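Engineer: To start, I am sharing the structure in question, which I have written as structure tokens.
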Amino acid sequence: MIIMYNRVTNQLLDKIISIVGNNEVIIDERIKEYAHDMTEDYNFPPEVVVKPQNTSQISEILKLANEEKIPVTPIGARTGLSGGMLCVYGGIGLSLEKLNQIIEIDNDNLQATVEPGVITQFLQNEVEKLGLYYPPDPSSKGSCFIGGNVAENAGGLHAVKYGTTKDYILNLEVVLPNGEIIQTGANTLKNSTGYHLTQLLVGSEGTLGIITKITLKLIPLPKYRLLLKANFTSPYDACKAVSQIFQNNVLPSALEFMEKDAIDFGQKYLHSLIEDTQNIGAQLLIEVDGNHLDNLYQDIEKIYEVLLKFNLLGEPILADTYEKQEEIWKLRRCLGHAVKGTTIYKEEDTVVPRAKLADLLAFVKNIGKEYGFQSVCYGHAGDGNLHVNIIKNDLDDKTWKETIPFYAIPKIFEFTKKLGGTISGEHGIGWVQKNYMPIMFNKTHLDLFKGIKRLFDPNHILNPGKILPN
Ligand SMILES: Cc1cc2nc3c(=O)[nH]c(=O)nc-3n(C[C@H](O)[C@H](O)[C@H](O)COP(=O)(O)OP(=O)(O)OC[C@H]3O[C@@H](n4cnc5c(N)ncnc54)[C@H](O)[C@@H]3O)c2cc1C
């Protein structure tokens, strides 16, 4: 389908300014900051950045854009890894940064209502002060917005025990592309009333509506955490140990995998030699949490039993204080920045049933040999979620731009699907993965997606060019 959009004219700019005020409209060189997220080196500036301060201003802007056929792209904190906020058709970049208030933390019902521009870690810190816990914690939690997390259905380190963002969203206030405002559900833990629009909006990547208010479920904060760090000589052994830990009746609160190259990248980035990686194949970080320390030590023993069946490099290290644990997590949390800040890369967010992780890793390494690329792999192994960073190094441009995306990556995705997995566990499809969607879905399935999009957004003004293949 070819869609013709109109440009943002001076008259339209005047109308936008009359809605949000002069100070909340950017058309000068500051627009460059809103032209990219953290996805490779893509750059698509909007024609204008608009920073509304409330829902009714957003509604007015969308009404106007819908009438004038101007594309609107919601913009969060721009930490996305699939190019979801890129303004690929120009138009209005609608930044949610001014909607940044925690409206209420409801201690009676263990809920919080927040605006979409609240930084995830800020929310976590605020609820922790009341002994409460909001578990979804992408490694970008210090900078990403909760609205972006909802739009991407973000995961993170603790998804293995606590689930992803979708498991905590009770109700959303959403502005539809025609400017109408709806509540998608109710502020209740249960809801079987009609189609589940809340869950449809979660992970919709800003293509169906703009999320302007979020009611979240909270849980009591676990009192204790223990963290075990284990080095393996073989990365495949590390992967195989993952599913055996669960089989031994332990549900870790985090279970992360880093192969040797990832550890090397992290250490270089932190300028600190934490590990001698010469003989390391990979490292697992295994955390357990709960309210009874005795039980946690029993879990650690059970994990230990499993680890001893594999070729470990040295003794696993137990971190039993917050400081020691943070010291260990530091390396894992920096990996995204370590790889993205220092290389030309493409990141794939593959996820498979966790017992198939070793097969996926072996396949990725073989494809790397076949096409001559280095891959740096790490991720949420407990979820079967492997982040595959393909590094350009000295590959020539033609190979990088044509062979890798059109031949090597499809092979990885086809194999991922064959293992029962899928092509994105938590980063979304956005702009960069959309043309791989036919690997996952047949025409009937894709037509359903297109029909949903048409129903919400008949003029295709909201975040066009995302999720659905060309
Ligand atoms: C170093 C690093 C580590 C990361 N680690 C993780 C991780 O562990 N787990 C994980 O899941 N992700 C991770 N990410 C990816 C990223 O942080 C998440 O996808 C995050 O949810 C994006 O939030 P954002 O506010 O930056 O959104 P943006 O990147 O600005 O936007 C993302 C998408 O959401 C849409 N959007 C934003 N706000 C709204 C709204 N209010 N209404 C409707 N649509 C909206 C945008 O249009 C876009 O499609 C990481 C990223 C980096 C850079």
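The values are calculated or read from the model by the stated rules, or taken from the named source; none is laboratory data. Treat the numbers as computed from the prediction; the structure is a model and nothing was measured. So basically every Cβ, Gly included, is an ideal-geometry build from the backbone, and we count neighbours across all protein chains shown. Each accessible area value is taken on the protein alone, full model and side chains, heavy atoms only, with ligands, DNA and RNA left out. Shrake-Rupley method; radii C 1.70, N 1.55, O 1.52, S 1.80 Å.
Engineer: Which members of region 418-456 meet the condition of being over 25 Å from Gly379 (Cα atoms), within 16 Å of the ligand (Cβ to nearest atom) and free of Cβ contacts under 8 Å to residues at least 40 places away in the same chain?
Structural biologist: If the condition is that a residue be over 25 Å from Gly379 (Cα atoms), within 16 Å of the ligand (Cβ to nearest atom) and free of Cβ contacts under 8 Å to residues at least 40 places away in the same chain, then Phe449 is the only one that fits.
Engineer: Here are Ala319, Ala355, Ala282: which of them is open to solvent by less than 10 Å² (accessible area, probe 1.4 Å), closer than 23 Å to Ile412 by Cα, in contact (Cβ under 8 Å) with a residue 24 or more places away in the chain and among the small types (Gly, Ala, Ser)? Show your work before the answer.
Structural biologist: On the way: Ala319 fails: closer than 23 Å to Ile412 by Cα; Ala355 fails: open to solvent by less than 10 Å² (accessible area, probe 1.4 Å).
Within the list Ala319, Ala355, Ala282, the selection yields Ala282.
Engineer: Here's a follow-up. So how many residues does region 155-189 have that are open to solvent by less than 10 Å² (accessible area, probe 1.4 Å), of a type in the set (A, V, I, L, M, F, W, C) and closer than 22 Å to Phe257 by Cβ?
Structural biologist: So the count comes out to 1.
Each row is one residue, and each column tells you yes or no for (1) at pLDDT 95 or above; (2) out of contact with any strand residue (DSSP E or B) (no Cβ under 7 Å at 6 or more places or on another chain); (3) surrounded by fewer than 18 Cβ atoms within 10 Å (Cβ to Cβ).
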site: Leu96; (1), (2), (3): yes, no, no
site: Glu104; (1), (2), (3): yes, no, yes
site: Glu115; (1), (2), (3): yes, no, no
site: Val118; (1), (2), (3): yes, no, no
site: Lys129; (1), (2), (3): yes, yes, yes
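Engineer: Further question on the same structure: If a residue must be touching a residue at least 60 places away in the same chain (Cβ under 8 Å), within 16 Å of the ligand (Cβ to nearest atom), closer than 24 Å to Gln101 by Cβ and not in a loop (DSSP other than H, G, I, E, B), how many such residues does region 182-236 contain?
Structural biologist: Number satisfying all stated conditions: 7.
Engineer: Taking region 433-470 only, how many residues are under 29 Å from Ala355 (Cβ atoms), assigned to a loop (DSSP other than H, G, I, E, B) and open to solvent by less than 30 Å² (accessible area, probe 1.4 Å)? Step through it out loud before you land on a result.
Structural biologist: Start the filter on region 433-470 by keeping residues that are under 29 Å from Ala355 (Cβ atoms), which leaves 433, 436-442, 445.
If we keep only those that are assigned to a loop (DSSP other than H, G, I, E, B) too, we end up with 433, 441-442.
Narrowing the set further to residues that are open to solvent by less than 30 Å² (accessible area, probe 1.4 Å) leaves 433.
Summing the residues that are under 29 Å from Ala355 (Cβ atoms), assigned to a loop (DSSP other than H, G, I, E, B) and open to solvent by less than 30 Å² (accessible area, probe 1.4 Å) in region 433-470 gives 1.
Engineer: Given the residues Ile17, Ile70, which is the only one that is within 29 Å of the chain's Cα centre (by Cα) and at pLDDT 95 or above?
Structural biologist: On the way: Ile17 fails: within 29 Å of the chain's Cα centre (by Cα).
Just a single option satisfies the conditions, and that option is Ile70.
Engineer: Another question, if that's okay. Which residue, of Thr207, Thr164, is among the hydroxyl-bearing types (Ser, Thr, Tyr) and out of contact with any strand residue (DSSP E or B) (no Cβ under 8 Å at 6 or more places or on another chain)? Before you say what the answer is, go through the steps one by one.
Structural biologist: Details: Thr207 fails: out of contact with any strand residue (DSSP E or B) (no Cβ under 8 Å at 6 or more places or on another chain).
Result: Thr164 is the single residue among Thr207, Thr164 that is among the hydroxyl-bearing types (Ser, Thr, Tyr) and out of contact with any strand residue (DSSP E or B) (no Cβ under 8 Å at 6 or more places or on another chain).
Engineer: Within region 358-380, which residues are outside any helix (DSSP H, G or I) and among the small types (Gly, Ala, Ser)?
Structural biologist: Gly372, Ser375, Gly379 - these are the residues of region 358-380 that are outside any helix (DSSP H, G or I) and among the small types (Gly, Ala, Ser).
Engineer: Please specify each residue of region 22-65 satisfying the condition of being in contact with a Pro (Cβ under 9 Å, 6 or more places away or on another chain), assigned to a helix (DSSP H, G or I) and open to solvent by 60 Å² or more (accessible area, probe 1.4 Å).
Structural biologist: Hits for region 22-65 are Lys32, Glu60.
Engineer: Sort out which residues of region 249-279 are touching a residue at least 60 places away in the same chain (Cβ under 8 Å) and either over 29 Å from the mean Cα position of the chain (by Cα) or farther than 20 Å from Leu312 by Cα (or both), and write them in order of number. Let's see the steps before the verdict.
Structural biologist: Filtering region 249-279 down to residues touching a residue at least 60 places away in the same chain (Cβ under 8 Å) leaves 251-259, 261-263, 265-270.
Of everything in region 249-279, those that are touching a residue at least 60 places away in the same chain (Cβ under 8 Å) and either over 29 Å from the mean Cα position of the chain (by Cα) or farther than 20 Å from Leu312 by Cα (or both) turn out to be Leu251, Ser253, Phe265, Gly266, Gln267, Lys268, Tyr269, Leu270.
Engineer: Tell me, yes or no, whether region 271-278 has at least one residue that is surrounded by 13 or more Cβ atoms within 10 Å (Cβ to Cβ) and at pLDDT 95 or above. Outline the logic, then answer.
Structural biologist: Filtering region 271-278 for residues surrounded by 13 or more Cβ atoms within 10 Å (Cβ to Cβ) gives 274-275, 277.
Then keep just the ones that are at pLDDT 95 or above; that gives none.
No: region 271-278 contains no residue that is surrounded by 13 or more Cβ atoms within 10 Å (Cβ to Cβ) and at pLDDT 95 or above.
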